[in-house]
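Colleague: Before I ask anything, here is the structure I am working with.
Derivation of every value follows stated rules applied to the coordinates shown; laboratory data play no part. Model, not experiment: these values are computed from the prediction. Counting neighbours? That spans all protein chains shown, and the Cβs are built from the backbone with ideal geometry, glycine included.
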Amino acid sequence: MKNSSYFINKLIKQREFALFMVVIGIIIILSILSPYFFSYFNFLAISEMDSAKGIVIIGITLLLITGVLDLSVGSGLALVGVVTGWFFANHYSMPIAIISGLLLGAIIGLINAFLVVKLQMHSFIATLGMMYMVRSVALGITSGNPFYDFPKEFINISKGEIWGLPKPFIILVIIFGIMAFFVDKGRFFKKLFYIGSNNRAANLVGIDSKKFTMLMYVFAGIFVAFASIILTSKSRAAIPAAYVGIEMKLIAAAIIGGASLNGGKGSILGSILGLIILILISNAMTILNISIYWEGVIIGTVLVLAAIFDELTRKKLKT
Amino acid sequence: MVKILDDEILLSIQNISKKFPGTQALDNVSFKVKKGEVHALVGENGAGKSTLVNIIAGVVHKDLGHLIFNGKEVNIQSVQQAKRVGIKVVFQELSLVPNLSVAENIYGSSYNMESIQIMNLNSIDEKAKDLIQKFNINPKKTVKELGIAEQQIVEIAGALVNNCSLIIFDEPSASLTVSEIEILFDMIKLLKKNGLTVIYISHKIEEIFQICDRVTILKDGKYIDTKEIKNTNEREIVNLMVGRELKNMFPERGESGKKLLLSVKNINGNKFKNISFELYSGEILGFTGLTGAGRTELLRAVFGIDPFQSGEIRIKGKKVNLNNPYESMKNGIGFLPEDRKQDGVFLDMDIKENIIVANLKANSNTITMNRKKSEKNTIDMVKKIGIKIGNIYDKAISLSGGNQQKLLIARWLLADPQILIVDEPTRGIDVGAKQEVYFILRDLANHGIGIIFISSELLEILGLADRVIAMYHGKITGDLPIEKITEEKIGELIMGL
C-alpha cells in the first residue's frame, strides 16, 4: 500500500491555483488592453464596494459546504441597510443602530434555519420565500424610498485607509484570512464537509447536522448584516431595492471556486477567487466599453465551464 | 463430465474478454447454458459476473469473443436488441416505472408499441396474465405500491410478453425477506415449467443449492469451473470461488468476560415493548428475528438515534441518558448501520476522512486537524483490519462492498469503543470478505469489546454468536447461550412460537 501522496488534496489546491492563474491572466490581458485598468484608482473603485461582497460569499460558501442554499442574501443586505437607516432617522445612537442591524441579520438567519432545519423545507424554496418576504418588508417600511441621512460617524466606519489600502478591503482580508484558515484546517468546520457529503451518516457518527446547519445560517445572516453596514456606510445610502440578484452571482462565484450544490465541497479561497474573476469581468467590460448587457454571456460561460471541469474530474476519480 | 449436445444449448459463451481502465474484468471466459435449466453464476466481488451479464444484456460491449444464442451468433449492441433476441435481465435496481400501473409497465416493456390501447387484464398476454393471477397482483395498482418481490414478478411478466427465452436474475434476493424469497423461487420454478432458461447470480450459496441445476464459478475475471449441483456441495463451490481452502468460515469462540458492560431494563419504544437484556465484555451477542421484528429499532434507540418512552440504560452500572449518537459515543458505544451506503460511508470523501470521523479529537490538535496523526491512525487501522486499498486518499466509493464494511469497522475501532453494535454487517458482501469480517469481530471481542450483532442469516448467528436473543413483533422471545440453540429453536423463536 503506497504511502500518502494526497494528490486529491492537491487537485483541490490545483483548482485554487488554476483560478489564481486565471485571475493573473485576466489582470495581465486587461492591463494590456487598457491603460486605465492597472491603476490604483481602479483598484480603489473596485475594492471599496466589492470587498463587502466577499464577506457575504464566505457565509454562502459555508452553507454550500453544508449542503444548503441561501437565496435571501440580497434582500437581507437591503433590509439591514434600511433598518439601520431607520434607527438613525429616529435618533438612536450609532452603537444601537449597528447592533440592531447585526441582530436583524442573525434573526433572518435564524428564520431561514428554522424553515430549513425544523420544518425540513428544501433550502431553495425556504430561502427563496425569505428572499421575497425580506425584500417586501424593506420596500414596505420605506415605501420604496431610499434613506440618505447618515451621520458622519457612521460614514467614517468605511472611510479611510489602513496601510494605504481601503478599510473595507482590509476588513475583508482579515475576515477572509481567519475563515479560510479555519475552514481548511479547523476541526469545527471539518464537520460541515461531512454533513454536506452524507447528512445521515454524519448524524450517526455524532455530528449534529441540525445544530450545525442552523448555526451556519445564523453565521451567514450576521455576515450579511456586517457587509450591509459597510456597504451602506460606503455608499451613504440605504436603498430598499438594491442588491437584487446578487445571491445568484455569489453562488455562481462559489461554484466556480469549487463548491458543489450537492454539498461536501468548497473553499473560502476558491470562492473569493471566483468572486474576483466575476468582478474583473464586470470591471473589464466597463473599462473596455462593452455593454453591460453582455455580462451574462460571459458569466454563464465561465459557470458552465467550471461545472464541466467538475464533472470531468469527478469521472476521473471514479475510474 | 457428461457431454452436452449442441441442440441442448441455449446460450454458448465463447472466449469473452472485456477490459476496463485499470482492470481486466473478463479474461477469455467460456461456458454453455442449457435450455430449460436454472444456471447459477457465482464469484466474489470483482469476479466478473456483473460485467458478463451486462454484456449479454447489451448494456456493455465485449472486446473479444462470441455469443451463440439458439445456434446463431448474436452481436448484442443494445438492451433493445437483447430483448428482441429474447434475453431479459432483472437487475437489482429494477427497471419499472413506479408511477405507472402494473398493466402499463408490462405493456410498456413490449417493443411492439402500437398495441398500447386498453390497459386492463384482458389485453395482457396470456402468459403474463397467468403469472400475475397466480401471485395475486392487481394489474391496476401502481408499481410503487407493490413490495419488491411483487415488482420482480411484474418485471418478469413484462419479459414474458416479449417471448423471452432467457431470463437473468442479478442478486434478486438481496432485499427480500424469507417469505418473499419463497415467492421468487416459486416464480422461477414456474418459468422453468414454461420452458424458459434462467441464469441466477447470487452471493447466497444456500439459495443456489435450493433452486439451481448447474453452477459456473468465476474468479478474477476468469472461468474456473462448471458443476452439476447434485454432484457438489457448498464448501467445494466456496473454495473454488475464493481460490483457497476456506477452512473455517467462523472463528473459534473466545472467553466471554465477566464484566457487565450494558444493561437495558424495560425499555419501550414504537416498535419494541418491555425490552431487557445485558451485554458482557468479550462476547458477541446475536440479535435475530424476521424483518420488522424490531431489532434495528431497538438498537437505534439504545444508541440514541431514536428516543424511547420508558425504561433505563446502564453502562458499567452507571445510569445514562443517551439522547443522541454523540452522547452514546462519549459513553463508548459505536454503531454500524444496516445500509452502509446511505448511512455509513461518505462516498465522495477519501478513506482517511472516512476512518477518522468517529474520533476527530484523536486526529487533531486543540483546534486544527493534524495531518500526521490522521495519516498514521488511518494507516494503522487499515493494516490492523486488513482493508485492501491503494492509497488512503482514494475516494471511499472506489472500494468494494466488503472493503467498505471493513472501513466502517476500522472507523469505529479508532473511536475505541467498549460496545459495538453492528447491524447486518455482511449484507451484500462476498463469501471471502464475510469470513474476514467474522474474524475481525471475534478479534475485537477477544480484546474485551462487547459486540451486539444483528443478523437475519441463521448460519451467521449460529456460527458467530456466544449468546442469542430472538425477537418477534417487538418482544424478546428468547435469550439463550449458544449451547442451547439449534436451527429449529431459532426458527421457532423468531416466529414467536
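Colleague: Taking the condition of being crowded, with 19+ Cβ neighbours inside 10 Å and within 14 Å of chain A (Cβ to nearest Cβ), how many residues in segment B:406-433 meet it?
Modeller: Here the count works out to 15.
Colleague: To continue, here is another question. Condition (residue is outside any loop (DSSP other than H, G, I, E, B), touching a Lys or Arg at 6+ places or on another chain (Cβ under 9 Å) and surrounded by fewer than 24 Cβ atoms within 10 Å (Cβ to Cβ)) applied to segment B:456-463: is it met by at least one residue?
Modeller: The answer is yes, given that some residue of segment B:456-463 is outside any loop (DSSP other than H, G, I, E, B), touching a Lys or Arg at 6+ places or on another chain (Cβ under 9 Å) and surrounded by fewer than 24 Cβ atoms within 10 Å (Cβ to Cβ).
Colleague: Something else: Among the helices (runs of 4 or more DSSP H) lying completely within segment B:172-269, list those that include at least 3 residues that are within 30 Å of B:S17 (Cβ to Cβ).
Modeller: B:205-211, B:234-242
Colleague: Looking only at residues that are among the β-branched types (V, I, T) and buried (at least 18 other Cβ atoms within 10 Å of the Cβ) in segment A:171-183, which one is farthest from the other protein chains (Cβ to nearest Cβ)? Before the answer, list the steps.
Modeller: Applying the first criterion (among the β-branched types (V, I, T)) to segment A:171-183 yields A:171, A:173-175, A:178, A:183.
Checking the rest, the ones that are also buried (at least 18 other Cβ atoms within 10 Å of the Cβ) come to A:171, A:175, A:183.
Working: A:I171: 23, A:I175: 17, A:V183: 11 Å.
Looking at the filtered set, the residue picked out is A:I171.
Colleague: In segment A:209-241, how many are in a helix (DSSP H, G or I) and more than 14 Å from chain B (Cβ to nearest Cβ)?
Modeller: 23
Colleague: Still on this structure, please answer the following. Test each condition in (1) out of contact with any Pro (no Cβ under 7 Å at 6 or more places or on another chain); (2) more than 8 Å from chain A (Cβ to nearest Cβ); (3) buried (at least 17 other Cβ atoms within 10 Å of the Cβ) for B:R314 and report the one that comes out false.
Modeller: Every listed condition holds for B:R314 apart from (3).
Colleague: Filtering segment B:338-352 down to residues that are assigned to a helix (DSSP H, G or I) and surrounded by 24 or more Cβ atoms within 10 Å (Cβ to Cβ), which residue is nearest to the other protein chains (Cβ to nearest Cβ)?
Modeller: Only one residue fits best here, namely B:K352.
Colleague: With the requirement that a residue be over 29 Å from the mean Cα position of the chain (by Cα) and surrounded by fewer than 20 Cβ atoms within 10 Å (Cβ to Cβ), what does segment B:282-311 give you?
Modeller: Selection gives B:Q309, B:S310, B:G311.
Colleague: I'd like to know if segment B:239-253 contains one or more residues that are surrounded by 17 or more Cβ atoms within 10 Å (Cβ to Cβ) and farther than 30 Å from B:N446 by Cβ.
Modeller: yes
Colleague: How many residues, within segment B:55-88, are without any contact (Cβ under 8 Å) to a residue 24 or more places away in the chain and buried (at least 22 other Cβ atoms within 10 Å of the Cβ)?
Modeller: Summing the residues that are without any contact (Cβ under 8 Å) to a residue 24 or more places away in the chain and buried (at least 22 other Cβ atoms within 10 Å of the Cβ) in segment B:55-88 gives 1.
Colleague: Let me ask another. Looking at segment A:79-98 only, could you name the residues that are hydroxyl-bearing (S, T, Y) and farther than 17 Å from A:P240 by Cα?
Modeller: Passing the criteria: A:Y92, A:S93.
Colleague: Quick one: B:F335 ticks every box in (1) of a type outside the set (S, T, N, Q); (2) at positive phi; (3) part of a strand (DSSP E or B) bar one, so which box is it?
Modeller: (2)
Colleague: Only one of these is farther than 14 Å from B:I153 by Cβ and over 18 Å from the mean Cα position of the chain (by Cα): B:I217, B:I201, B:I208. Name it.
Modeller: Numbers: B:I201 fails: over 18 Å from the mean Cα position of the chain (by Cα); B:I208 fails: over 18 Å from the mean Cα position of the chain (by Cα).
Every option except B:I217 fails the conditions.
Colleague: A further question on this structure: With the checklist (1) facing chain A (nearest Cβ under 8 Å); (2) out of contact with any helix residue (DSSP H, G or I) (no Cβ under 7 Å at 6 or more places or on another chain); (3) assigned to a helix (DSSP H, G or I) in hand, flag the one item B:K376 doesn't pass.
Modeller: It fails just one condition, (1).
Colleague: All but one of (1) basic (K, R); (2) closer than 16 Å to A:M214 by Cα; (3) surrounded by 15 or more Cβ atoms within 10 Å (Cβ to Cβ) hold for A:K118, so report the exception by its number.
Modeller: Evaluating A:K118 over (1) basic (K, R); (2) closer than 16 Å to A:M214 by Cα; (3) surrounded by 15 or more Cβ atoms within 10 Å (Cβ to Cβ) leaves (3) as the failure.
Colleague: Does B:I168 meet the test of being surrounded by fewer than 22 Cβ atoms within 10 Å (Cβ to Cβ) and not charged (D, E, K, R)? Give the steps one after another, and end with the answer.
Modeller: Values: surrounded by fewer than 22 Cβ atoms within 10 Å (Cβ to Cβ): no; not charged (D, E, K, R): yes.
In short, no.
Colleague: I would also like to ask the following. Every residue in segment A:184-208 that is within 11 Å of another protein chain (Cβ to nearest Cβ) and closer than 25 Å to A:M131 by Cβ, please.
Modeller: A:I195, A:G196, A:N199 - these are the residues of segment A:184-208 that are within 11 Å of another protein chain (Cβ to nearest Cβ) and closer than 25 Å to A:M131 by Cβ.
Colleague: Across segment B:395-405, what is the number of residues that are crowded, with 18+ Cβ neighbours inside 10 Å and within 9 Å of another protein chain (Cβ to nearest Cβ)?
Modeller: 1
Colleague: Out of (1) without any contact (Cβ under 8 Å) to a residue 60 or more places away in the chain; (2) more than 12 Å from chain A (Cβ to nearest Cβ); (3) of a type in the set (G, A, S), the odd one out for B:S364 is which?
Modeller: (2)
Colleague: Could you grab me the full set of residues in segment A:35-71 that are of a type outside the set (A, V, I, L, M, F, W, C) and either outside any loop (DSSP other than H, G, I, E, B) or touching a Phe, Trp or Tyr at 6+ places or on another chain (Cβ under 9 Å) (or both)?
Modeller: Kept after step one, since they are of a type outside the set (A, V, I, L, M, F, W, C), are these residues of segment A:35-71: A:35-36, A:39-40, A:42, A:47-48, A:50-51, A:53-54, A:59, A:61, A:66-67, A:70.
Once the filter is applied, which keeps residues that are of a type outside the set (A, V, I, L, M, F, W, C) and either outside any loop (DSSP other than H, G, I, E, B) or touching a Phe, Trp or Tyr at 6+ places or on another chain (Cβ under 9 Å) (or both), segment A:35-71 yields A:Y40, A:N42, A:S47, A:E48, A:D50, A:S51, A:K53, A:G54, A:G59, A:T61, A:T66, A:D70.
Colleague: Here is a list: A:D208, A:D149. Which entry is among the acidic types (D, E) and over 17 Å from A:L231 (Cβ atoms)?
Modeller: Answer to the check: A:D208.
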